[in-house]
Amino acid sequence: MKKRVLSAVLALSLGASLLACGAKSEGNAGGDASAKAEEGKSDGASGDKAKGNGETLTVLYMSGVYADAAKSMVDEFEEKTGAKVEVIDMPYTELHQKMLLDFTSGAGTYDVIDVASQWDGEFAPYLTDLQPYMEKDGVKAEDFIDNVIANSGKWQDKYIGIPNASTPQLFAYRTDIFPNGLPDTWEEYRAELKKVTKKDEGFYGASISGITGQLGGVFDYVLWSMGGAWADENWKVTIDSEETRKALEHLNDVQESLDPNWLNWGTDQSIQAFLNGDAAVCETWPTLGLVQDADNPEKSKVVGKWALSVIPKEKTGITLLSAWDCAIPEGSKNKELAWEWIKMYTSLEKQKEFYDNHGILSPRKAFWEEDGIKGTYMDTVREALDTANMWWRVAASTQVDTSFNTLISAYLSGQSDLDTTVKEMKAAVEEALQQAPPEEGTKNYNH
């Protein structure tokens, strides 16, 4: 076993601040940006305010902390610009379809949208090229974690969004049960979970979100860490592989150490099981409630005896990335004002504020050098962000993920055998690529 960066004592030192967490470009964007820049320089604060007088900015975010952060910024932005801001929030399950419908209908309802990075390639033809705005105001790509901005906001060498949040899938674990950290291979990991599972006492080796919408991602990070992939860089389907079989067999075997109802668990249930002291490990997005509550005696039974770990390395150690970027739809009639919103929302100052108040992890490099962040268990989170992976980021990926969730669930619940499942997974990838082929010349960056 390899000892990880893990000290829960260090985590306690964070105190109350502990994680409270495209193809088309606008033809005149550069000219408008330059003209507005000169106006702003001459008028100062009053110039900023003049930009938005009498205008209403409509911004769309996923319900939860990202929308909450947006709402917390409204008064300051309205005071600075003279504009009015309407924050619309929707659950993740509705967001993709709502954005796509607005694009394809030409409604132009939203001035700013917060895009899940796996949608970047699909949405790129409908988003404004932000390069002229970035150059005008000195917003530099190198200020963001390289791997994050490459997977969130940048598409085909264009910047169509500015990253505003980034979280890697990690494992929280009990330091009193695993004082030397977690194993580096999935085989050793399964063996350790079996050792500590006590079903008659309601205590399990791990808690995992197996509900549809989460299960596909669990499979992905196991597959990737084992060296497998959906397809190669030229979109040749490679899912029918030994790594895929090993990943599926791992999930099937690990069920012996999970609550029998795990396939019906979402993130909230899996995290709560860990906080209740009912599991030795929680495979999760750590900022969705775990790190915020783990050292709160009123909400947790694992105070002072938990830590975060990267996933078993196996061959690559690549985990799953959740990242979001703020973008301006081509249909927006308030692009300059939208850019001002994005600048503020993604600024280092606001990113630190959003971390303190909403637990949002910033993709900005400087954030991770802050006191109370660097040198704590958060170093483990930062380490994972350098290699965390995302789906293909083309239209076909959403269809593949949906199919995988269904097929893998059927296999794990005994409704399908291994060979049939792999065969159907291959057919699902091929069908998705046929129905929504990647744009010519597009490489599969994430393979």
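The values are calculated or read from the model by the stated rules, or taken from the named source; none is laboratory data. Predicted model only: the values in this text are computed from it and were never measured. Please note: Cβ atoms are built from the backbone with ideal geometry, for glycine as well, and neighbour counts cover all protein chains shown. The accessibility values were calculated without ligands, DNA or RNA, using every heavy atom of the protein model including side chains. Shrake-Rupley method; radii C 1.70, N 1.55, O 1.52, S 1.80 Å.
A few comments on the model shown:
- Scanning the range 403-447 for residues that are among the β-branched types (Val, Ile, Thr) and either open to solvent by 30 Å² or more (accessible area, probe 1.4 Å) or in contact with a Gly (Cβ under 8 Å, 6 or more places away or on another chain) (or both) turns up THR406, ILE408, THR420, THR442.
- When the residues of the range 231-265 are filtered to those that are open to solvent by less than 10 Å² (accessible area, probe 1.4 Å) and part of a loop (DSSP other than H, G, I, E, B), the one that is nearest to SER397 (Cα to Cα) is ILE239.
- Some residue of the range 422-434 being in a loop (DSSP other than H, G, I, E, B) and either modelled with pLDDT under 90 or farther than 16 Å from GLU122 by Cβ (or both): no
- If you go through the range 189-242 and pick out every residue that is charged (D, E, K, R), farther than 18 Å from ALA279 by Cβ and out of contact with any His (no Cβ under 6 Å at 6 or more places or on another chain), you end up with 4.
- Of the residues making up the range 276-293, those that are part of a helix (DSSP H, G or I) and over 22 Å from the mean Cα position of the chain (by Cα) number 0.
- As for the range 79-93, it holds at least one residue that is within 18 Å of TRP324 (Cα to Cα), in a helix (DSSP H, G or I) and open to solvent by 40 Å² or more (accessible area, probe 1.4 Å).
- Of all residues in the range 404-415, those that are among the small types (Gly, Ala, Ser) have Cβ atoms under 9 Å from Cβ atoms of residues that are crowded, with 22+ Cβ neighbours inside 10 Å and not in a helix (DSSP H, G or I), 6 or more apart or on another chain, in SER409/GLY210.
- The condition of being out of contact with any Lys or Arg (no Cβ under 8 Å at 6 or more places or on another chain) and modelled with pLDDT under 95 holds for only one of GLY202, GLY217, that being GLY217.
- Restricting the range 181-198 to residues that are basic (Lys, Arg) and part of a helix (DSSP H, G or I) leaves a set whose member that is farthest from the chain's Cα centre (by Cα) is LYS195.
- Meeting the requirement of 3 or more residues that are among the hydrophobic types (A, V, I, L, M, F, W, C), the helices (runs of 4 or more DSSP H) wholly within the range 321-395 are 335-345, 378-385.
- Scanning the range 276-301 for residues that are among the aliphatic types (A, V, I, L, M) and surrounded by fewer than 24 Cβ atoms within 10 Å (Cβ to Cβ) returns a single hit, LEU288.
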